[in-house]
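The values are calculated or read from the model by the stated rules, or taken from the named source; none is laboratory data. Keep in mind that what you see is a predicted model, and the values were worked out from it rather than measured. Every residue, glycine as well, gets a Cβ built from its backbone with ideal geometry; the counts of neighbours run over all protein chains shown. For accessibility, only protein heavy atoms count, side chains too; no ligands or nucleic acids. Shrake-Rupley method; radii C 1.70, N 1.55, O 1.52, S 1.80 Å.
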Amino acid sequence: MPEVLRVAAEPLSENALSWWAADSVDDPFQLLGACLEFGEAAKLGAARMHEYETRLPIHMDGSCNGLQHYAALGRDVEGGTKVNLTPSERPQDVYIAVAERVAAAVARD
């Protein structure tokens, strides 16, 4: 944690640069951004850090993104439900839905 706070305080100092911009770091600017955000949150103190609202983008993976786009473009409610575009008690799995239809078709034949 000391390195993170050092980077947050003086990101361009030689010590900080040698840590966050090292060749061994996969994505140095992502690390720098995280250090800066954590430094801002730390200024609130340990008791209030949870109140800090980050400005970092948070990657969220979709459920079958291509199918989500098709369902949204076609305003397909059933398809949209299967790829989690509509509210649901439980996450949906389009692959299970397809497997169930295939199994039913095979059973009929």
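Let's see if you can work this out: charge +1 on each Lys and Arg Cβ, -1 on each Asp and Glu Cβ, no other charges. What is the dipole magnitude of the range 1-98 about its Cα centre, in debye to the nearest 20?
320
Accessible area of the chain with a 1.4 Å probe: how many percent of it is carbon plus sulfur?
For the chain, the apolar C and S fraction of the accessible surface comes to 57 percent.
Work out the charge dipole of the range 1-105 with +1 on the Cβ of Lys and Arg and -1 on the Cβ of Asp and Glu about the Cα centre, then indicate which of G39, V25, H69 is farthest towards its positive end.
In the range 1-105, that residue is H69.
Starting from the exponent 0.38 and prefactor 2.2 Å, build the expected Rg for the chain from its residue count and divide its actual Cα Rg by it.
My calculation over the Cα atoms of the chain gives 1.75.
When ligands, DNA and RNA are left out and all protein chains stay put, how many square angstrom of accessible area per residue does the range 1-101 have with a 1.4 Å probe?
That works out to 79 Å² for each residue.
Quick check: pseudo-label points 7 Å beyond the Cα along Cα→Cβ at S88 and D61, how many nm apart are they?
1.7
Compute the longest continuous run of the chain that contains no exposed trypsin sites (Lys or Arg not before Pro); treat a site as exposed when its DSSP state is not H, G, I, E or B and it has at most 15 other Cβ atoms within 10 Å.
That would be 1-42.
Looking at the range 52-101, which GluC sites (Glu not before Pro) are DSSP coil and have at most 14 other C-beta atoms within 10 Å of their C-beta?
E53, E89
Points 7 angstrom from Cα along the Cβ direction at D76 and A47: gap in nanometres?
5.5
Divide by every residue of the chain the summed helix terms, -39500 (n - 2.57) for each DSSP H run of at least 4, and state the resulting mean residue ellipticity at 222 nm, rounded to the nearest 500 deg cm²/dmol.
Calculated mean residue ellipticity at 222 nm is -16000 deg cm²/dmol.
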